[in-house]
Structure formats: C-alpha cells, structure tokens
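Right, one structure below, let's go through it.
Readers should treat all values here as calculations from the given coordinates under stated rules, not as data from a laboratory. As the structure is a prediction and not an experimental result, all values here were calculated from the model. So basically every Cβ, Gly included, is an ideal-geometry build from the backbone, and we count neighbours across all protein chains shown.
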Amino acid sequence: ITEDMSRFYLRLIRKRAWIESEDTSKLAMYNVLYEILRGWIILASTIIPFISEKIYNSFVINPKLSVSMEDFPEIRHKMIDNDLEKTVSLIREIEEAGLNARAKASIKLRWPINKAYIFFSSESSMDL
C-alpha cells in the first residue's frame, strides 16, 4: 500500500486535491481514497487488530461496533480495466527507470531535466 498509494497514486492525484470547488473529479478521488483505506483497515485487522480497531473507529463513516464485524472487501470485477492496468504498469516502469537514472546520476527530483528518452523492447508496448 505504501508503494502504490504514497509513491504513485497520491502524487498522481495531488492537483485534484487542491481544487477549491466541489469538483466531481475531486469528490471521486476522495471516494477512491476512502474505499482503499477502509478496505486496507479491514484487511489489516486480522494482523494488527487493536491498532486497526482504533483507526477504524476514528476513520470510517458510520462504523459497525467493531472492525471485526465488517465483511472482507470483495473484488469488483466490473471495476477492473485490464488495458488501463497495463498502461499504468508501463508508466510505472518508465517512472522507475527514470528515478533509477536520476539516482545513478545524483540528480534530485526537484531538479528539472531537459530531455528523457524512452526505448521499448517491443512494439506492443508502444501501442499502449
């Protein structure tokens, strides 16, 4: 969850969070974050029950008496977009390669770079 949420998703949606109005895009982003974190709290309750209980009671809207009374989150297959997942996976690989190149060259993230070249090992990757 740390890698996916803080290092990727939160950076991706940061600008939406700062929109002043009640934009539908902003509200959708908050809903996605809430559902992800709520599901994570429920899953974590099997490993860290006391901490999860505390977080659950202070975070979840209209909580049940206990996090243990919640049903485990189920996979919603209609929400899965395989093409989008492939595209995001490729973007994350490109981002990781860029971060590794920056680290190797001792270039901090806040320092802009003029150009970056991306080479694909197959033509199917370029279609995404």
*asked:* How far apart, in nanometres, would the label points at N62 and K78 be if each is projected 7 angstrom from Cα along the Cα-to-Cβ direction?
replied: 2.0 nm
*Could you give me the radius of gyration and the Dmax of region 75-128, taking only the C-alpha atoms into account and expressing both in angstrom?*
14.7, 43
_Cα-based reach from K104 at 19 Å (exclusive), listing lysines while leaving out same-chain residues under 8 positions away_ = K115
*asked:* Report the Cα centroid-to-centroid distance between region 1-63 and region 93-124 in angstrom, as an integer.
replied: 29 Å
_Distance histogram in 5 Å bins (all Cα pairs of the chain, percent per bin)_ = 2, 8, 13, 15, 16, 15, 13, 9, 6, 3, 1, 0
_Selection from I41, L12, S66, by position along the positive dipole direction of region 1-83 (Cβ)_ = L12
_I'd like the orientation of helix 49-59 relative to the chain: the angle between its Cα long axis and the longest Cα principal axis, in ° from 0 to 90, rounded to 10._
90 degrees
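Is there a quick way to get the dipole size of the chain? I mean about its Cα centre, with the Cβ of Lys and Arg at +1 and of Asp and Glu at -1; what is the value in debye to the nearest 20? Mind dumping the intermediate values first?
On the way: 18 positive and 18 negative charges, 145 e Å.
Roughly 700 debye, rounded to the nearest 20.
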_Testing the spin-label approximation: label points 7 Å from Cα along Cα→Cβ at M5 and A28. State their distance in nm._
2.2 nm
*Tell me which lysines have Cα within less than 24 Å of K78's Cα, excluding those fewer than 8 residues away on the same chain?*
K26, K86
*Computed Kirkwood radius, in angstrom, where 1/r is averaged over Cα pairs of region 1-74*: 13.5 Å
_I need to check one value: relative contact order of the chain, counting alpha carbon pairs closer than 8 Å and at least 6 residues apart, in percent._
13 percent
_In order through region 24-33: 3J(HN,Hα) via Karplus (6.51 cos²θ - 1.76 cosθ + 1.60), integer Hz, x for Gly, Pro_ = 5, 5, 5, 5, 5, 4, 4, 5, 4, 4
